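The values are calculated or read from the model by the stated rules, or taken from the named source; none is laboratory data. Fair warning: this is a prediction, and the values are worked out from it, not measured in the lab. Note that each Cβ is placed from the backbone with ideal geometry, even for glycine, and that neighbours are counted across all protein chains shown.
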Amino acid sequence: MKKVLVIVYYWPPSGGAGVQRWLKFVKYLPQFDWQPTVITTSNGDYPAIDESLLKEVPEDIKVIRTKTPTFGKWFSKAGEQSAPYGSLETSEEDSFFRRFAIWCRLNLTVPDARVVWNKYALQAAFEEMRKFKYDLIITSGPPHSTHLIGRKLKNIFNVKWLVDFRDPWTKIDYLEKVNRFALTKKIDEKLEQKIINQCDRIISINKSILKGLKAINKGIIIPNGFDPADFTEIEKKKTKKFQINYFGNITAERDPSIVLKAVNQIYSQFPDIQINIWGNVSDEVKADLISLDENKFVKFHNYIPHDKMMRRMVNSSLLLLLINNVPNNLGILTGKIYEYLGAKVPVLGVGPIEGEAAKILNETRSGKMCDYSDQKAISEFISWQYSMWKKDEKPTASGEIDQYDRVHLTKNLAEVLESL
């Protein structure tokens, strides 16, 4: 069996979307004659903690955890709730410390704040590769600073190196909306280009990211997916109310206000509709949603562990998918869309109707994407799904979702590894 060293920042007990891709690849790679070893963090700056995911790590997988300096502790000492995650915009309402910290993140840490982990990860990888022969190394970002570890290891050991881009690097939407020093931006772009030039192969979740990297000829698309094993023991039960569930964070760019307006429009006809938001909601958007909730049909919930989320997902009446309302968003594909497919529950999307997410919903006949301002289309789709729910009619299943099975995707990954 060939050996591959996988270097990732986000790994259980980290929660959030970023951990799922490599947790599942590592789980299934041994089926295709690749034995992975994982180098990762110990108590890193995670978007959430999900202890339930530790149960998914196979016992025979070697996981090396390293010392992990974090900015989260720095924020805690200053009385802040958390380090900046996802969005790097500031407002006058933010504390001076938070605004200063984000300024430092944008201009003094290149390519990102997680670069402080590299020293420890590189040392662990160096020691591991001196003791054991590895056929290949893989780095996954974000954080894209992880790729700098792979670059150094390739130079030292002359080993094949695969780079995984789960999101864009310098072209990601939140970096294009903020001001950075010209020198910082130039250094970041040069680092990105060095990684692209020196790695042996690139994989990414979609073509849009590869285009932004100008790496079409070097890149292969392996999308995110769903694991059928996550759904096998879940019993589907009909709920007393028509449950519209959203799982994930809510920000100004990912705002469900139009959905609440659509429900207000039809609520007198369908008074047993309930919207559940499972995740963190920015204070500004939450205030707007509460003011729009005329009939008190919205409930806010904290982040829940992945296994419990799967149960809630399967027992939803309708799943809500929000695509960031930002420029150049046609290629945005959240990892959540694939788990929605696996749950086999109809999906209401709000986003660009010509985007990649809309294409997936159409191809798999799993739901409908409505434009950000199309309240009429949203209310009509909810009304239709409500009538289906009342009649207890099941949605039409599509065989197209099989291509997003994690086992199938891992087979594709193994074929890429074999080609190097």
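For (1) over 17 Å from the mean Cα position of the chain (by Cα); (2) outside the structural domain of residue 375 (by TED's automatic domain parsing); (3) not aromatic (Phe, Trp, Tyr), each residue gets a yes or a no:
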site: 221; (1), (2), (3): no, yes, yes
site: 233; (1), (2), (3): yes, no, yes
site: 236; (1), (2), (3): yes, no, yes
site: 240; (1), (2), (3): yes, no, yes
site: 244; (1), (2), (3): yes, no, yes
site: 248; (1), (2), (3): no, no, yes
site: 252; (1), (2), (3): yes, no, yes
site: 258; (1), (2), (3): yes, no, yes
site: 262; (1), (2), (3): yes, no, yes
Restricting segment 405-419 to residues that are polar (S, T, N, Q) and within 22 Å of the chain's Cα centre (by Cα), which is nearest to residue 229 (Cα to Cα)? 410
Check residue 184 against each of (1) hydroxyl-bearing (Ser, Thr, Tyr); (2) within 27 Å of residue 420 (Cβ to Cβ); (3) assigned to a helix (DSSP H, G or I) and name the one condition it does not meet. (2)
Given the options 402, 392, name the one that is under 27 Å from residue 228 (Cα atoms), at pLDDT below 95 and part of a helix (DSSP H, G or I). 402
Determine, yes or no, whether residue 337 is buried (at least 19 other Cβ atoms within 10 Å of the Cβ), at pLDDT 95 or above and over 16 Å from the mean Cα position of the chain (by Cα). no
Return yes when residue 201 is among the basic types (Lys, Arg), under 19 Å from the mean Cα position of the chain (by Cα) and closer than 23 Å to residue 416 by Cα and no when it is not. no
Can you name the condition, by its number, that residue 298 falls short on among (1) surrounded by fewer than 17 Cβ atoms within 10 Å (Cβ to Cβ); (2) closer than 22 Å to residue 239 by Cα; (3) of a type outside the set (Asp, Glu)? (1)
Regarding residue 10, is this residue hydroxyl-bearing (Ser, Thr, Tyr) and out of contact with any Gly (no Cβ under 8 Å at 6 or more places or on another chain)? no
So residue 214, is it modelled with pLDDT of 95 or more and surrounded by fewer than 15 Cβ atoms within 10 Å (Cβ to Cβ): no
Hey, can you tell me all the residues within segment 104-143 that are modelled with pLDDT under 95, assigned to a helix (DSSP H, G or I) and not small (Gly, Ala, Ser)? 104, 105, 106, 107, 114, 115, 116
Can you name the residue in segment 1-30 that is of a type in the set (A, V, I, L, M) and part of a helix (DSSP H, G or I) and, of all such residues, is modelled with the lowest pLDDT? 17
